[in-house]
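The values are calculated or read from the model by the stated rules, or taken from the named source; none is laboratory data. No experiment lies behind these values; they were computed from the predicted model shown. Here Cβ is always computed from backbone atoms with ideal geometry, including for glycine, and neighbour counts include all displayed protein chains.
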Protein chains: 2
Amino acid sequence: MLEVTLLGCGGSMPIPNRYLSATLLQYKGRKILIDCGEGTQVSMKAINTGFKTLDLICITHLHGDHINGLPGLLATLGNSGRKDPVFIMGPVGTKALFGAFQILVPHLPFDIQILEKGFKSNELTPLNLTNEIQVSILDLDHSAPCIGYRFEVKRRPKFDVEKAIANQVPKFLWSSLQKTSEVVFEDKIYNQEMVLGESRRGILVSLITDTRPIPEIIPFINQSDLFICEGTYGSDDNLKKAMANKHMTFSEAATLAKAGQVKALLLTHFGVALKEPEAYAEVARRIFTETKIGQDQLKIELKFAE
Amino acid sequence: MLEVTLLGCGGSMPIPNRYLSATLLQYKGRKILIDCGEGTQVSMKAINTGFKTLDLICITHLHGDHINGLPGLLATLGNSGRKDPVFIMGPVGTKALFGAFQILVPHLPFDIQILEKGFKSNELTPLNLTNEIQVSILDLDHSAPCIGYRFEVKRRPKFDVEKAIANQVPKFLWSSLQKTSEVVFEDKIYNQEMVLGESRRGILVSLITDTRPIPEIIPFINQSDLFICEGTYGSDDNLKKAMANKHMTFSEAATLAKAGQVKALLLTHFGVALKEPEAYAEVARRIFTETKIGQDQLKIELKFAE
């Protein structure tokens with residue numbers, strides 16, 4: 001099961017009960033954080049999730065409302081007993097940013113490994129999660145270089161007894177072949193393909209913030225089990241502002257959700273002026289029924305399909 | 001009237017309902033902030049105080065729990081319509097810190113003028129507040145260079161009619177001499193000393209965090225109307241930890257308050273492990289009766305004595 005928790009769903013400045021951009025993915029006891037605005041660690045403390053198992057931080061862009069919680073979070077991670085390296089991926093400029101952070105967080109008991117845009121997910125091999133979660137990125141259209149993220153939790157194919165027998169795989173090797181990709185026995189190589197059935201769909205979560213809607217988003221989010229998307233403005237009346245500030249309205253996010261044939265849309269990154277996002281829920285639901293309005297500490301659990 | 005508001009009274013890491021070090025002074029519509037840990041701007045938003053009139057930020061030391069809220073606060077100040085320069089004073093290293101902040105807050109519509117330790121309060125002349133509030137500093141004993149602050153809100157002496165008559169000050173100059181330091185009339189200089197009575201005590205607030213108790217604190221805080229002091233540890237049983245980490249227990253803070261003959265002690269900067277500071281209030285009150293336990297958004301109003 002993949003747990004997705006909105007830690008902060010505000011944009012621009014944090015206000016009481018609405019911290020800045022941060023989303024937590026939890027899978028098999030490990031964590032991925034997307035963005036880290038001010039208040040992120042407070043929200044993590046509020047849900048009592050612990051810090052030590054945070055392996056990867058994905059930064060969408062280098063605006064303060066998405067990164068200003070990082071120095072404090074890294075310090076807290078340092079106090080949590082973390083020793084393993086922490087991976088941070090983000091757009092061009094992320095390495096320079098961490099140069100500046102050194103003065104804020106001078107001594108950390110773990111290494112930080114930074115992957116700037118252009119990384120491949122196999123560069124993340126030391127990461128506990130990466131064997132099971134594939135990370136993809138997409139260039140967005142904001143006032144700073146900004147990337148969208150897609151996370152695919154891979155699902156192992158079922159063990160196929162008939163196939164194993166047809167391929168003459170000795171029965172005592174079956175269990176090993178569920179764990180390792182190949183086994184050699186009496187000079188013959190047996191691999192997983194000889195015993196595993198058809199590939200199965202995993203869990204797909206995509207996260208798009210901050211940006212104008214662009215056509216490339218549609219295939220990127222296609223069939224997502226959960227599409228987390230910015231909705232800086234609730235009312236359609238704010239379209240002009242959304243265009244000027246390179247953000248989206250609820251309607252625009254819902255239109256993307258519909259076009260991308262996602263299973264559910266979760267709106268987040270509400271502007272400070274949007275005091276009651278729930279009041280505009282129907283604006284989005286008229287276009288895409290399965291719309292949820294985000295709030296801090298809202299948790300969504302996603303399971304593999306039966 | 002001087003309003004003192006604890007914006008955040010936690011140390012080390014922010015937790016729900018207890019943000020990190022920040023204290024706000026408000027006087028005649030202007031503001032001074034002492035320290036700016038993560039959550040400071042959320043707390044300011046919670047008390048609806050506005051941002052634009054923040055003239056001076058005093059930093060005690062450059063540990064993250066006292067400064068990590070600064071990039072976000074400065075950005076919000078930039079969005080508030082602030083145009084006048086903002087003064088920031090702090091220990092050696094403060095200028096270098098703001099060099100690092102440039103990358104986090106690249107464009108601000110106001111100048112930042114930084115005064116590193118050693119500044120004199122007359123360096124602050126452009127500041128609206130400095131004619132009326134004198135800032136003094138004291139070196140403390142922490143694991144990083146750290147300074148304590150004392151703020152004295154000056155009080156004008158009363159107009160002394162008998163003295164003005166005795167000094168043969170023409171009556172039509174009396175009103176001018178209440179506003180300006182001297183007036184020339186018919187080649188004769190008349191100054192305020194000729195019409196004003198004895199100096200009157202102002203309002204004295206001192207703030208000491210983070211540090212071990214040192215003797216120099218006692219004269220520095222002497223007669224404070226409010227002595228805001230760190231109390232990282234509630235129980236006397238934590239004295240050894242307090243010594244090792246260069247902090248104080250409630251008892252130590254109360255002992256300073258008593259020795260400094262202050263009017264009231266306000267404890268703050270509680271360690272994360274100190275879940276219920278109020279439970280240790282009596283530990284401090286046994287030594288110094290007028291002890292208040294801080295909490296976020298607690299406001300104390302201080303008036304001139306009758």
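May I ask you to list the residues in the range B:221-257 that are farther than 22 Å from residue B:153 by Cβ and part of a loop (DSSP other than H, G, I, E, B)?
Selection gives B:231, B:232, B:234, B:235, B:245, B:246, B:247, B:248.
Out of (1) out of contact with any Leu (no Cβ under 6 Å at 6 or more places or on another chain); (2) at pLDDT 95 or above; (3) crowded, with 16+ Cβ neighbours inside 10 Å, what's the single condition that is false for residue B:141?
Failing condition for residue B:141: (3).
Looking only at the range B:158-199, how many residues end up being under 23 Å from residue B:132 (Cα atoms) and among the basic types (Lys, Arg)?
2
Count, please, the residues in the range B:93-110 that happen to be within 13 Å of chain A (Cβ to nearest Cβ) and part of a loop (DSSP other than H, G, I, E, B).
8
Mind listing just one residue for me: the one in the range A:244-262 that is within 16 Å of residue A:219 (Cβ to Cβ) and of a type outside the set (Ser, Thr, Tyr) and, of those, surrounded by the fewest Cβ atoms within 10 Å (Cβ to Cβ)?
A:261
Condition first: of a type in the set (S, T, N, Q) and touching a Phe, Trp or Tyr at 6+ places or on another chain (Cβ under 7 Å). Now tell me which residues in the range B:1-59 satisfy that.
B:40, B:43
For the list (1) under 24 Å from residue A:62 (Cβ atoms); (2) at pLDDT below 95; (3) not small (Gly, Ala, Ser), I need the number of the one condition that residue A:185 fails.
(1)
Could you tell me which residue of the range B:71-104 is nearest to residue B:145 (Cα to Cα), considering only residues that are in contact (Cβ under 8 Å) with a residue 12 or more places away in the chain and of a type in the set (Val, Ile, Thr)?
B:92
Could you list, in sequence order, the residues of the range B:50-87 that are more than 9 Å from every other protein chain (Cβ to nearest Cβ), crowded, with 23+ Cβ neighbours inside 10 Å and β-branched (Val, Ile, Thr)?
B:57, B:59, B:60, listed by residue number.
Of the residues that make up the range A:264-271, is at least one touching a residue at least 24 places away in the same chain (Cβ under 8 Å) and surrounded by fewer than 24 Cβ atoms within 10 Å (Cβ to Cβ)?
So far as the range A:264-271 goes, yes, one or more of its residues are touching a residue at least 24 places away in the same chain (Cβ under 8 Å) and surrounded by fewer than 24 Cβ atoms within 10 Å (Cβ to Cβ).
Which of the residues spanning the range A:167-181 are assigned to a loop (DSSP other than H, G, I, E, B) and either within 30 Å of residue A:65 (Cβ to Cβ) or under 28 Å from the mean Cα position of the chain (by Cα) (or both)?
Scanning the range A:167-181 gives A:180, A:181.
Restricting the range A:258-285 to residues that are outside any helix (DSSP H, G or I) and among the β-branched types (Val, Ile, Thr), which is nearest to residue A:14 (Cα to Cα)?
Per the stated criteria, the residue is A:272.
Would you call residue A:288 of a type outside the set (Asp, Glu), in contact with a Leu (Cβ under 8 Å, 6 or more places away or on another chain) and in a helix (DSSP H, G or I)?
no
Would you pick out the residues in the range A:182-220 that are part of a helix (DSSP H, G or I) and touching a helix residue (DSSP H, G or I) at 6+ places or on another chain (Cβ under 7 Å)? Working first, answer last.
Taking the range A:182-220 first, the residues part of a helix (DSSP H, G or I) are A:192-194, A:217-220.
Selection gives A:192, A:194, A:217, A:218.
Could you grab me the full set of residues in the range A:18-49 that are within 8 Å of chain B (Cβ to nearest Cβ) and surrounded by fewer than 22 Cβ atoms within 10 Å (Cβ to Cβ)?
A:45, A:46
Residue B:164: in a helix (DSSP H, G or I), out of contact with any Ser or Thr (no Cβ under 7 Å at 6 or more places or on another chain) and touching a residue at least 24 places away in the same chain (Cβ under 8 Å), yes or no?
Yes, satisfied.
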